[in-house]
1. Tell me, which strands (runs of 3 or more DSSP E) wholly within the range B:1-97 include 1 or more residues that are charged (D, E, K, R), open to solvent by 10 Å² or more (accessible area, probe 1.4 Å) and not assigned by TED's automatic domain parsing to the domain that holds B:Arg205?
2. Evaluate the following for A:Val157: is it open to solvent by less than 40 Å² (accessible area, probe 1.4 Å) and either within 7 Å of chain B (Cβ to nearest Cβ) or among the aliphatic types (A, V, I, L, M) (or both)?
3. Looking at A:Ile63 and the list (1) open to solvent by less than 60 Å² (accessible area, probe 1.4 Å); (2) of a type outside the set (S, T, N, Q); (3) under 16 Å from A:Pro148 (Cβ atoms); (4) touching a Leu at 6+ places or on another chain (Cβ under 7 Å), which single condition is not satisfied?
4. Taking the stated definitions as given, is A:Ser171 modelled with pLDDT of 95 or more and in contact with a Leu (Cβ under 7 Å, 6 or more places away or on another chain)?
5. Give me the pairs, please: first residue somewhere in the range B:72-94 and at pLDDT below 80, second residue anywhere and basic (Lys, Arg) and outside any loop (DSSP other than H, G, I, E, B), beta-carbon distance under 9 Å, and either six or more positions apart or on two chains.
6. State the number of residues belonging to the range B:321-336 that are in a helix (DSSP H, G or I) and either at the interface with chain A (Cβ under 10 Å from one of its Cβ atoms) or among the aromatic types (Phe, Trp, Tyr) (or both).
7. Across the range B:197-209, which residue is farthest from the other protein chains (Cβ to nearest Cβ) among those that are over 19 Å from B:Ala11 (Cα atoms) and buried (at least 21 other Cβ atoms within 10 Å of the Cβ)?
8. Scan the range A:135-147 for residues that are open to solvent by 20 Å² or more (accessible area, probe 1.4 Å) and among the hydrophobic types (A, V, I, L, M, F, W, C) and jot them down.
Amino acid sequence: MSQYKIIFTGPVGAGKTTAIESISDIPPIKTDAVATDMTKARKAATTVAMDYGIMNLAGGEKIHLYGTPGQERFDFMWDILTIGGIGLILLLDNNRADPFQDMKFFLESFSKFIADTSVAIGVTQMDLSNKPTIADYHSQLQGLGFKPAVFAVDARVKNDVSLLVQALLYSLDPGLKDHE
Amino acid sequence: MKDKQTKPLQAVLHGMDGRTYKTMVMYFQGPCKGEAVVVEEVDGEVDIVDLDFPSGKSALDKIRSQKMRRPVIVLSREEVSFKDVLYVEKPIHLATILSVLAQARTLIQQQGWSKSFDILPVKTTENPVSVAEKKALGDGVEIKKTAKHKTAMQMDEGSFSAFIGMITEIDFNDKDQLDKAFYSPKNYFQGYVTAAVKVSKEKNRMLQLNSNWKPLLIFPHSHEVWLDADDKQLRAFASLEMNKATGAKLTITAIDPATSAVREKMDKFYDIDAFVWKLAIWTSKGRYPQALDIHRPVFIKHWPNFTRSLITPHALQITALLMRGPRSMLNIVETLNIKPQYVFVFISAAYALGLVGQAERKSDELFEPPPIKTIAKKESKGLLSRILGKLRSSK
C-alpha cells in the first residue's frame, strides 16, 4: 500500500510542529529535545528528528504528516522524507532576521521535490511583525520564478493550516472536487 | 495635562518600522492625551527620530544637514552626544516625553528652529510607563486588533447566498443575461474607498473618508483601515448605490485625532486588502466589474491572502486555475462546472485589489485555454479529493 504524505518544512520556530498538531487526528509524535545550540535563543525545545501526525480519511486511508527538523544540520534527512510526498508546506517565521533568505534556502533545498509536486507557503508570527508583508513575499518569489500560494498563518489555528493545505491540493489539480 | 486651548504639537516620525510608528500614534493619543499628534512631513513642527532602527541614523543625518529645520527629538536606548537635539532615553517615560514636547513647543514659539541648542537631558521617574502599559501600547497593539487577525470564513454554496445577498434582477442561469450581470464599483461605497486608499498610499498620508454614514480612517503606513461598524451595517451600506447627491457628501480629509475613537476600539482595525476584498464581495453580490469583458481572458497576479479574507465558494479553485494561465470568466464557469455568480464575485474582489486584470496579450485570446492538467499522480487524484473533503468538513 502506498504511503501518502504531506511534508511540512521551514526554519526553527516557524510552527511546523504546531501546524501538524492543528490538523492531525492523533496527538502528534514529537521528537523535541532541549536546544543546546544557537536554536536555544529562539525556542527552548526544538525538533531534532521529525514530527509525525496522521489524517484519517473515510475508507481507512491515512495521510501521513511529516515535519522536518528545522536545523540545517539535519538536512540529510530531507530527501528521504520527501519520497512519495504529495506536496510541500513551507512555514516561515516573519519575526526572524531575514525571512526571505530562509524562504530562498528552503525553496532551493526542496527544488526537485517542488518541481515534481507543488508548494504552499505559510507566513507565521505576522501578528508580532507585520513586515515584510505578504505582497513583499510575492515580489521576492517572482524574482525566484515561483508563484505559490502565500498566506498569513497562525499555526495554532486549524482553519489557517487547513486552507494552506487546500491551496496546495488545488495547485496540484484545480479540477479537484471535495466529494469524489 | 494639555491645555484645551493648545493645539497638539505636529510631530513627524522618522526611522521607525510600521509597528513602532503606530505605537507612537497611539501613545500620543492615549497617555500623552493629545499633547502631540503624528502628521506628514509637510505639516510637521517637530521631527522625532528613533535612533535604534537602522534607518534612524541616516534620517537624523539628513535632518541635521538641513539649514532651516524644526526642533528634533531623538529617541534611543543609548545617550546621544549631539548638541542640537532633544534626547529622550528609551524606554520612554511619560513625564520625560511630555517635558521634551513642552521644550520643543517653547523652541518653536521662540522661532529657534534653525538655531543650535544644547542637549537638554530630562531625567525624571515620575509617572513612568510601566512594563505592562508599554506592552499594552507597544508590543500588544498588533495582537489587540482582533478583527484584523481573525481567520478567514470559508463559505460553501449553501451559506453564500444568505450571507452575501444575491441580485434578484439577474437570472444567472440565463446565458443571455450574463452579459448584463455587471456593476460599476465607482457608483458604490467601494469605489470611494478604493479611490481614498489610493490617494492615501500615493501621498503617504493618514486620511479620513467622510460620508453621510460613518467615517473610514486609512492608515497607509500600517496598511490598515479603521471603521466603527459591524459586518451587517457595512454590508447594507455597501449595496447602496451612491447617487450624485450622496456622492457629493463624500469627502477626504486629514484624520482628526480629537474626534477619533480609534484607541478605544482596537477591534475595528482591518487590513486594507481584507476590508476592500469584503466590501467588493458585498457590492458585487454575484456581478462582475463593468471594466472587464466576460468573453475575454483575465489573468491573476498571485494568490490572494485567503487566510485573512472572506472566502467565496470555489475561490481557491478559481485561483489555482487562473494561476495556470489567463481564461475568460465564462471559460472558468465551464471548465470548473460552477455557477457564474461564484466566478463573478471572486473576480470582483480580486479586481478591487488589483490582482486581476484583462489579459492584453493577443496570444491569450488566440487559442482555447487547455483543459486542466493535473500534477498529481493519476491514482492519487481521488485521494486528493478525499483529503480536501476531510479538510473542508472538519473546520
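The values are calculated or read from the model by the stated rules, or taken from the named source; none is laboratory data. Being a predicted model, the structure only gives us computed values, none of them experimental. For neighbour counting, all protein chains shown are included, and Cβ atoms are generated from backbone atoms with ideal geometry for every residue, glycine included. Protein only, heavy atoms only, side chains kept; ligands, DNA and RNA dropped before computing areas. Shrake-Rupley method; radii C 1.70, N 1.55, O 1.52, S 1.80 Å.
1. Numbers: elements: B:9-14, B:36-38, B:46-50, B:72-76, B:86-89.
Output list reads B:86-89.
2. On the way: open to solvent by less than 40 Å² (accessible area, probe 1.4 Å): no; either within 7 Å of chain B (Cβ to nearest Cβ) or among the aliphatic types (A, V, I, L, M) (or both): yes.
The answer is no for A:Val157.
3. Unmet for A:Ile63, out of (1) open to solvent by less than 60 Å² (accessible area, probe 1.4 Å); (2) of a type outside the set (S, T, N, Q); (3) under 16 Å from A:Pro148 (Cβ atoms); (4) touching a Leu at 6+ places or on another chain (Cβ under 7 Å): (3).
4. Numbers: modelled with pLDDT of 95 or more: yes; in contact with a Leu (Cβ under 7 Å, 6 or more places away or on another chain): no.
Answer is no for this residue.
5. Correct list of pairs: B:Phe82/B:Arg64; B:Asp84/B:Arg64; B:Pro91/B:Lys134.
6. Of the residues in the range B:321-336, 6 are in a helix (DSSP H, G or I) and either at the interface with chain A (Cβ under 10 Å from one of its Cβ atoms) or among the aromatic types (Phe, Trp, Tyr) (or both).
7. So the first thing to find is which residues in the range B:197-209 are over 19 Å from B:Ala11 (Cα atoms), and the list is B:197-199, B:201-202, B:209.
Add one more test, that the residue is buried (at least 21 other Cβ atoms within 10 Å of the Cβ), and what stays is B:197, B:209.
Values: B:Val197: 14, B:Leu209: 22 Å.
Once the filter is applied, the top-ranked residue is B:Leu209.
8. The answer is A:Ala135, A:Leu144, A:Phe146.
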